[in-house]
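For reference, the structure discussed in these notes is given below.
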Amino acid sequence: MRRIPICLSVLAIALLTSFGSTSVAAAKSSTVVLKDPTSGLTVRAPRGYKLTAASGAYTLTGGGVRTRFFFGPSALDAKATGAQLARALGGKVKVAIATPKRYAVTVTKGNVATVVRITKVGGNLQFVLMNKVRTSKTAVGVRDARLGVAQVSATDIVRLERLVNTRRGGAAARINTTIPRTGFTAADKGSSATVLDLPGWSWSGNAGSIEGGHPTQGFVALGEVGGVTNGISSQFAVSPSFVGPAEVIQSIYPQYVRIISGSTVQVTNVQLIAGTEGILGAQTPNGMYQVALTINGGKYVGIFLVSSSDAAGLAPSAWYFYYSAAVISVNAPASVGDALLDVWASWDASGASKARLAQALATLASTPSPGAPIDPVVFQEAANKWGAYIRG
């Protein structure tokens with residue numbers, strides 16, 4: 001099913017203006033089926049109503065009320081998503097219902113009152129937004145004497161929601177919500193990142209790596225190292241020869257995932273991102289890749305940074321590969337992918353690097369030299385000067 005992006009702030013502006021693209025007028029009967037020919041969505045409405053589709057949303061106009069509706073997956077529940085939409089609309093907010101599966105609010109700004117209803121329907125949230133059509137006939141609808149705003153009546157709200165619920169088909173929207181974030185530091189203090197603060201996501205880290213995932217939405221794995229042999233060990237991926245990063249993704253990565261998690265991975269497409277070959281330097285074959293893959297039967301897409309290394313010169317008997325990746329289900333909310341890339345950008349593995357350096361210095365400082373052990377104070381001063389020189 002095709003998806004169209006919905007930005008809540010853009011929608012807030014659009015609600016106050018006229019929309020039009022594909023328009024179908026009702027035939028002369030008590031109720032008719034209106035259809036958007038582009039997406040195939042149909043809805044049953046009274047005679048005289050019109051259906052239009054634009055900007056990833058559908059609009060029913062009739063009875064003096066404009067009803068905009070759209071549906072799609074959100075990274076947040078109805079309450080949190082509705083709160084963001086209400087803020088984007090601006091104005092005075094009056095909340096009637098706020099639960100994870102149902103959000104009802106009226107937002108009044110100037111002489112426009114917008115009634116919002118958000119409902120959990122299957123794996124999607126359904127959004128219905130209603131406001132009176134601007135007209136010179138001020139007698140239309142119920143008017144709030146204090147605010148001077150034409151209000152959608154309670155009877156109209158119920159009726160219009162029922163009309164929207166007659167819809168069939170149509171294009172799901174990708175709901176661009178702002179995802180809450182929180183700081184995460186691995187238990188060994190070797191790595192940290194700003195991660196998604198959402199139900200169902202779990203986070204871990206060790207020796208500089210960061211891993212996070214959700215059962216159905218996607219995952220991020222940063223700083224992973226895997227081993228490859230020519231078949232001498234069942235604990236490593238197998239390859240008869242040393243291969244480059246693209247082939248690592250295609251044939252080695254699925255083996256690695258099966259070994260560490262038991263999951264079944266099939267890589268269906270690997271494309272080098274232009275200009276990224278050798279991004280990690282010339283010492284090893286490396287690059288960034290756009291990847292399409294199937295994990296346990298579900299379709300995913302992601303970005304991989306991969307390097308294959310035979311630094312010890314032991315291939316094909318034994319060699320290693322490094323990778324970092326952000327992967328999202330094709331059915332996941334749109335904002336999750338961007339949030340995972342933000343996690344990647346915030347990743348800090350300096351704690352592990354400092355720990356390894358400290359361990360190396362401690363080992364050297366305790367190693368006897370001809371005549372006497374190394375003086376740790378003198379050694380540390382020399383190390384500090386060398387570090388300052390390198391940084392400068």
Q) Based on the Cβ-Cβ distance from D338 to R47, what FRET efficiency comes out when R0 is 56 Å, to the nearest 0.05? A) 0.80
Q.
Please arrange V65, V32 by how many other C-beta atoms lie within 10 Å of their C-beta, fewest to most.
A. V32, V65
Q: Treat the range 273-320 as a sphere of radius equal to its Kirkwood radius over Cα pairs and apply Stokes-Einstein at 10 °C in a medium of 1.306 mPa s; give the translational diffusion coefficient in µm²/s, rounded to a whole number.
A: 127 µm²/s
Q. For the range 80-122, what ratio Rg/Rh do Cα atoms give with a Kirkwood hydrodynamic radius?
A. 0.98
Q. Stretch T166-T178 to full length: gain in nm at 0.36 nm per residue minus the Cα-Cα span?
A. 1.3 nm
Q: Counting other Cβ atoms within 10 Å, keep those with at most 14, restrict to DSSP loop, and tell me which trypsin sites (Lys or Arg not before Pro) in the range 23-100 are left.
A: K28, R47
Q. Past the 25 Å Cα-Cα mark, which pairs from K120/K299; K50/K79; K101/K299; K94/K132; K94/K120?
A. K50/K79; K101/K299
Q: With just the Cα atoms of the range 181-348, tell me how far they stretch along each of the three principal axes, in Å, largest first.
A: 43, 35, 35
(Q) Straight-line reach from K189: which aspartates and glutamates fall under 17 Å, measuring Cα to Cα and dropping same-chain residues less than 8 apart? (A) E211, E224, D348
Q) Can you list the residues of the range 215-230 with backbone N under 13 Å from a point 7 Å past the Cα of S251, pointing along Cα to Cβ? A) 229-230
Q. Are there trypsin sites (Lys or Arg not before Pro) in the range 160-243 that DSSP puts in a loop and that have at most 13 other Cβ atoms within 10 Å, and which ones?
A. K189
Q. Between R102 and A282, what is the label-to-label distance in nm when each label sits 7 Å out along the Cα-to-Cβ direction?
A. 6.7 nm
Q: Starting from the Cα-Cα distance between V95 and A311, subtract it from 0.36 nm times their residue separation and give me the gain in nm to one decimal.
A: 71.6 nm
Q) With contacts defined as alpha carbon pairs under 8 Å and 6 or more residues apart, what's the relative contact order of the range 204-281 in percent? A) 16 percent
Q. What ranking of S55, S251 emerges when the number of other C-beta atoms within 10 Å of each C-beta is taken as an exposure proxy, fewest first?
A. S251, S55
Q) Using the count of nearby Cβ atoms within 10 Å as a rough guide to exposure, how do I157, I273, I210 rank from fewest to most? A) I273, I157, I210
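Bear in mind these aren't lab numbers, they're just calculated from the coordinates by the rules spelled out. A quick note: this is a predicted structure, and the numbers were derived from the prediction, not measured. Heads up, the Cβs are rebuilt from the backbone with ideal geometry, glycines too, and the neighbour counts pull from every protein chain shown.
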